[in-house]
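The values are calculated or read from the model by the stated rules, or taken from the named source; none is laboratory data. Quick caveat: nothing in here was measured; it's all calculated off a predicted structure. Cβ coordinates were reconstructed from backbone atoms using ideal geometry, including for glycine residues, and neighbour counts include every protein chain displayed.
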Amino acid sequence: MCWRSQGRGGCKYAPFSEPTIFLNSYAPLCRVATSSPQGGRLDTAMTLTSKLIDFFAERGCVAPEIAILQPADPFLETAGEDLRRRVFITENEVGDALCLRPEFTIPACLHHLASPEKLPRRYAYCGTVFRQHREGTVEFLQAGIEDFGRSDVVAADVDCLADAHAALAACGVDQTRTIFGDQAIFEAIVAALGLPQGWQTRLIRAFGDDKQLAAYVARLTDGPVGGGSSIEHELLQHVTDGDMDQVEMAVAAKMSEAGLPQQGGRTAVEIARRAIVKTRLANTRLDKAQAAALSDFLAINVTGIDADEALTKFERDHALDLGPAKLGLLERLELLKIRGLPLETFRYKASFGRRLDYYSGLLFEIYVGKSTQPAIGGGRYDRLMTLLGSATPIPAVGFSIWPERLENPGDVR
Amino acid sequence: MTLVIGIPSKGRLKDKALGIFETAGLPITLSSDARNYRGRVEKHQRVEVALLSASEIAGELANGKIHLGITGEDLVRENIPHFEDKVELVAALGFGHADVVVGLPEAWIDVETMADLDDVAAEFRLRHGRRLRIATKYWRLTQGFFARHGIATYRIIESLGATEGAPAAGQADIIVDITSTGSTLKANQLKIPEDGVVLKSQANLVSSKTAVRDAGAYSLEAEIVSAVQNSL
């Protein structure tokens, strides 16, 4: 659930010019190298990583030095508290929480923010990441490219997807399946349905979580569950009347009575405003046609070749115009076709997304052979740099490979 | 081989736990030396009773140091990672009732459900430059509960006592804590959202899955468990 498809990666950043340092620094390589069957068409993870390092260098990527021990806060702040049980956390002498790097994307962003270089710039990495699992291995190889600062987002997305496939080809892998989705199209549909802003953000936030999304749609269709309000009668009247001054005063009184700090947390204005808006939103309903549009859209699951037709049919059936969002996706597909990517092995799954608030557009996973685990996860995350403290938004797109999943694609770990 | 049973070492939990065994026809005699923290079941010379704190009992059951024990379900679920693999809750004992709940400031009149809290948590960082903070000593239960409600955007502040004071002290925005009557929450002007009960806990007889038993200990344990179950 964290990051792209458990497919964000990173490594002991070794400069590409010194591959021996990289290899020496990767202890489990010995294990991989000796336990994997040599010969045949399967390479060991070690061979694969050196091929990937060459590939990244060819593509003009730079490989920053990224420490194994990272500050834990940026990971917990962006990926959420749930990550805590999946990372290895320790402390330094003064009590700062540190963790073994669980991926490379956030460290790559932090590296860029700490020592900004001219953008656009492509960073690459290859090394070990550490994640807690109930059983089995906790050290994995990850490699990948993060592309920062390109304003030609369509072309950058296409390069990212094409390079992900090229990286697999460089590893000698050709039988792939790609699943992709695009949050921008979902956002366009929610906007086209004319729902109030509060409901739009709620639905967009749930995108990628089919159950949560279905629950919201059910609530919008059938009305709210649960009983009346717990707000006392007089105040409730002010809330229903939308009397901001009265509500704010009442909330401020409750806050000071409870001794809540006046600053640093939720304010009386914020609480009062949301209480009033919420009462208004409670009466929002989706009519049958709107609900059908949402569920028809989320059910779209077609090959890359048929995506255009499916979306056009959807627009016609529901008299909706998806505008630039749809055109953007089609343009990407067209460019991928020109680049020679096998769109018949791509599946456009409209509901494919991830519940992390920094993903913003295209998202994809690439599977090899019969594996049920993606060998690559990637996507656009234009909001991440800002979350990590960048003063200006920096568009970003990237992908991560799990080289160990290429060794024996038939295996399901 | 000896069968070791862990019993809470003090307070109401201890008295109630001793009462359970008494009712089951297995009265426990405690060592006359109060500092000894040991006891015996008269009927079964091969049973040893160890008086431990309720959270120690959960830990020792998980480690397999004791075979049976009486402790709170909240402690089992919170203190033992993947508790289903380590222990089995064999009987709910009908005392030690307490709920682990989400506590919000009463001033948050706009938050009545976990879905409301999800909205607030999602936009918290945008508004306040940081994630919503939850003070709790139940971080595992909290994570599981919030994940079930689809909420990931928050941070846990570990709290080792007086959790209910954290919002007023500015250490956290909300809390997850245990309450038996709700009076502490009320006194601190905190409220529980409609669907904000994380766990309804009570004292349980718990069996360790990791403790070693020979055939004798195994059948002795089965006998004791069914005596307790039948007496409830």
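Against the condition outside any strand (DSSP E or B) and either assigned by TED's automatic domain parsing to the domain that holds B:D15 or more than 30 Å from A:A252 (Cβ to Cβ) (or both), how does B:E78 come out, does it pass? When the stated conditions are applied, B:E78 passes them. The residue of the range A:253-271 that is nearest to B:E123 (Cα to Cα), among those that are among the hydrophobic types (A, V, I, L, M, F, W, C) and either in contact (Cβ under 8 Å) with a residue 60 or more places away in the chain or at the interface with chain B (Cβ under 8 Å from one of its Cβ atoms) (or both), is A:I271. Looking at the range B:1-75, the strands (runs of 3 or more DSSP E) lying wholly inside it that each contain 1 or more residues that are surrounded by fewer than 16 Cβ atoms within 10 Å (Cβ to Cβ) sit at B:28-30, B:38-41, B:44-52. Within the range A:154-182, being over 13 Å from A:R339 (Cα atoms) and out of contact with any strand residue (DSSP E or B) (no Cβ under 7 Å at 6 or more places or on another chain) holds for A:V154, A:A169, A:A170, A:C171, A:G172, A:D174. Taking the listed residues B:S219, B:S226, B:S208, the one that is in the same structural domain as B:G64 (by TED's automatic domain parsing), under 11 Å from B:L68 (Cβ atoms) and not basic (K, R) is B:S208, with no other qualifying. Identification of strands (runs of 3 or more DSSP E) wholly contained in the range A:289-407 with 1 or more residues that are under 21 Å from the mean Cα position of the chain (by Cα) and within 27 Å of A:F104 (Cα to Cα) yields A:346-349, A:362-368, A:376-380, A:396-401. Of the residues making up the range B:93-115, one or more are outside any loop (DSSP other than H, G, I, E, B) and more than 21 Å from B:I178 (Cβ to Cβ). Consider the range B:172-226 and keep the residues that are assigned to a helix (DSSP H, G or I) and within 12 Å of chain A (Cβ to nearest Cβ). The one that is nearest to the chain's Cα centre (by Cα) is B:L185.
Condition check: of a type in the set (A, V, I, L, M, F, W, C), more than 14 Å from every other protein chain (Cβ to nearest Cβ) and in contact with an Asp or Glu (Cβ under 8 Å, 6 or more places away or on another chain). Does A:L335 satisfy that?
Working: of a type in the set (A, V, I, L, M, F, W, C): yes; more than 14 Å from every other protein chain (Cβ to nearest Cβ): yes; in contact with an Asp or Glu (Cβ under 8 Å, 6 or more places away or on another chain): no.
Spelling it out, it is not the case that A:L335 is of a type in the set (A, V, I, L, M, F, W, C), more than 14 Å from every other protein chain (Cβ to nearest Cβ) and in contact with an Asp or Glu (Cβ under 8 Å, 6 or more places away or on another chain).
Each residue in the range B:97-133 was checked for being more than 8 Å from chain A (Cβ to nearest Cβ) and of a type in the set (V, I, T), and 4 pass. Checking each residue in the range A:272-301 for being away from chain B (no Cβ under 11 Å) and either in contact with a Phe, Trp or Tyr (Cβ under 7 Å, 6 or more places away or on another chain) or crowded, with 17+ Cβ neighbours inside 10 Å (or both) picks out A:T284, A:L286, A:Q290, A:A291, A:A293, A:L294, A:D296, A:F297, A:L298, A:I300.
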